[in-house]
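What follows is a set of notes on a single structure, which appears directly below.
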C-alpha cells in the first residue's frame, strides 16, 4: 500500500518547471567557465544546479507516482484555484505588486496607507472605520520608530515627494 | 576567567542593554505566540533595521526575541489550540486538552518555568561546550568546513521535511542563489545574465524576508477563517511540588534539546518532537494519558525547545554553521556587522561570545518574569484578526527589505522569493534549507576551491583525502549516515515503514 500523500493540483507542472529551471541553470553555470579547471568559478554553481536537476527529477518522479486528488468533479485548474490560488490570495498578491511599484512613485506613507486599507478590505476586515484608524495608527508608529530608532530613510516618492513636508520624509 | 565574567555581565550593567533585552524578550513572546508570525521572520526583518546599530545592542535585542519567541509559541498552543511556532506543535498535543480541563493557568505556569529551566541548561551547555568546540574547530581545514556545511544542509533538509530529495533541492537552490554576482576569488560574473544589478549579488536579507515573511503571509490567507478557542486562565504560578516532580524529566529533555539544537541545521521544533517522543516512551505513569492533558507532554517539548536555543548557538559561534533557521539569520546579522562567525571569532573577540551568553541569560530571566504575568493582555493581542495583521507584516517586510540598501530592487526580490517560497511550501519543499544554503553556499564554494587548490587540482587526491584525514573521515561518516538513514532500506531495517 502506498503511503505517499495525494498529488496536489499543479504539482506535476510545478515539478516539471523545477526540472526545466534546474537544467537551464546547469547550462548557464556550465557557460561560466566550462571545464577550464576543476576549481574554476563555474564548478560550484554547476554542482548546485546538477544537484537541483537530480533531486528535481526525483521529486517529479514522486509527483508522477502519487495518485491525484480524489475529487474528480473538478478540473485540475479548478482544484488549483481553490486549493492554492484562491481569488483572495491572487488579489492580495496583486495588491502587494501594486504596493511595491507605488512605493517609489507615491512614497512610503501614501502607498502603505492605501495598501493597508485595500488589503484589509480584500482579506475580509469589513469595519472600514476601524481599518482607517488602525492603518493610520500603525503607520504612524512604524514611521516614528523606524525613522527615529532605526534611522531608516523611507522612500518619499518621485510624484508626491516634492510636495511632502520635510518631517514626513 | 574574571575577564569572561566582565564580558558576561556587560549586558546586565548597561541600562540600555537591559532594556533592549527586556523589550526583545517581551516582543519575542508575542511574536512567537501570534500564529502567522515567526521568530525567524521577526529576526529577518529586524536585522535590516539594526544593521546601523552597535553589534552588542543588536545582539541583545535578537537574543531576547529568539528566546521569547521559542517560548511564546506555547501560549497560543495551550490557549487557542494553534501553535504560534513550529517548536510548539508538540506542546499543543497536551496543552490544549489541559486548557479544556480548566487547567490553562497551571499549564502556562509550568511551561514557563520548564522553558526557563531548559533555557538555562542550553546556555550552560553553550558556555561550557563552545570554547572546547572552537579549540577543536581550529584543526578544521577547508575540507572539513565543506563537509560540515554540506551536512548542515542535508540535516535540515532531511529532518524538516518529508522528502529528502526536496530538502536537498532547497539547499542547493539556496547555495546557487548565493553564487549570483561577482566571484569572490576571481571577480568573474556568475549567473548575472549581463545585469549590472545582479553583479552585486542578491541580498540575502531580502531573500530571507521573502522566504520567511512574505511566503508565510501569503500562506496564512488559507487560514483566515480559523477561529481561536478562548480559555479562562487562573492560578498561573505552579506549586513547588509540581515542579519537583517534573524536574528530572525536564533535565533529560533539556539534554535532548541541547544536542539536537547543536546539530547543524536541526532546531527547536525537531528537539521538541524528539523530547515529546522520549517522554512518551519513558514515562511509565503520566499524570493523564498522553494527548489527553499529560503534564509530561508539556514539560518535555517546552524544556527541549528552549534548551535548543543555547545548543543552536554552539555551531554558530564556533564553526560559523547555523544550528537552525534563526541562527542562520543571526549569522547574516554578524556578517552585516563585519564579523565572521567561526573559531577565530571566539579567539579574536571573546567579549562577543561572553556578551551573547550574558544576554541570553538575562533574556531567560526576563522570560520568567514576562511568562508569568500579563496573560489577560496577551489573550487580547494574540486574537488580532488576520485580515488586519497580515497586511501590517507585509508593510514591515517591505520596509525591512528596502532599508538594507535603500534599494527598491531588494523589495522586488523579496516579493519574488515570497511568491516562490509560497509555492515551494505548498508543494512540500521547506524554505529553511534554502536560506541555510544561501548562508553556507559561499563557505562551501570557498572551501571546495581552497581544498582543491591545496591538492594542485588533483581530483583523485582531493577525494582520497576525505578518507585518509581522521577529522574529514568522521564528518564524512556522519554525512553518509544521514543519507543512509533516509533510505527506504534503512527505514525497513528499523521497522519504521
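Values in this text are rule-based calculations from the coordinates and carry no lab data. It should be emphasised that the depicted structure is a prediction, and the values quoted were computed from it without experimental measurement. Every residue, glycine as well, gets a Cβ built from its backbone with ideal geometry; the counts of neighbours run over all protein chains shown.
Counting neighbouring beta carbons within 10 Å and listing from fewest to most, the residues B:25, B:192 come out as B:192, B:25. Taking Cα atoms only, the orientation of helix B:39-50 departs from the longest principal axis of chain B by about 60 degrees.
Let's test the formula: R0 of 41 Å, r as the Cβ-Cβ distance of residue B:223 and residue B:409. What FRET efficiency results, to the nearest 0.05?
Step by step, r from the Cβ atoms, then E = 0.85.
The ranking of A:40, B:485, B:63 from fewest to most other beta carbons within 10 Å of each one's beta carbon is B:485, A:40, B:63. Rounded if a/c is under 1.5, else prolate if a/b is larger than b/c, else oblate: which is the stretch A:94-152, with a ≥ b ≥ c the root eigenvalues of its Cα gyration tensor? Oblate is the answer for the stretch A:94-152, as a/c is 1.5 or above yet b/c matches or exceeds a/b.
Can you tell me, using C-alpha contacts under 8 Å and at least 6 residues apart, the relative contact order of chain B as a whole percent?
In percent, rounded to a whole number, it is 28.
Approximating the spin labels as points 7 Å out from Cα along Cα→Cβ, the residue B:288-to-residue B:243 distance works out to 2.4 nm.
Compared with the dominant principal axis of the Cα atoms in chain A, helix A:87-106 is inclined by about 60°. Please label the shape of the stretch B:244-378 as rounded, prolate or oblate, based on the square roots a ≥ b ≥ c of the eigenvalues of the alpha-carbon gyration tensor (a/c under 1.5 means rounded; beyond that, a/b larger than b/c means prolate, else oblate). Cα axes put the stretch B:244-378 in the prolate bin.
Within the listed set A:119, A:13, A:39, the Gaussian network model of chain A (springs between alpha-carbon atoms below 10 Å) gives the highest mean-square fluctuation for A:39. Taking only Cα atoms and a 10 Å spring cutoff, compute GNM fluctuations for chain A and point out the largest among A:92, A:110, A:35. Maximum among the listed residues: A:35. How far apart, in nanometres, would the label points at residue B:19 and residue B:372 be if each is projected 7 angstrom from Cα along the Cα-to-Cβ direction? Once both label points are built, they end up 2.6 nm from each other.
The shape of the protein assembly as shown comes out rounded: with a ≥ b ≥ c from the C-alpha gyration tensor, a/c is under 1.5. Per-residue mean of foreign Cβ neighbours for B:163-175 is 6 (Cβ atoms of other chains, 10 Å radius). Springs between Cα atoms under 10 Å define the GNM used for chain A, and in it the highest mean-square fluctuation of A:144, A:38, A:90 occurs at A:38. Per-residue mean of foreign Cβ neighbours for B:215-225 is 3 (Cβ atoms of other chains, 10 Å radius). Remark: B:53, B:490, A:133, B:354 ranked as A:133, B:490, B:53, B:354, counting other beta-carbon atoms within 10 Å and listing the fewest first. Peptide A:15-21 has a mean of 2 when you count, residue by residue, the C-beta atoms of other protein chains within 10 Å of its C-beta.
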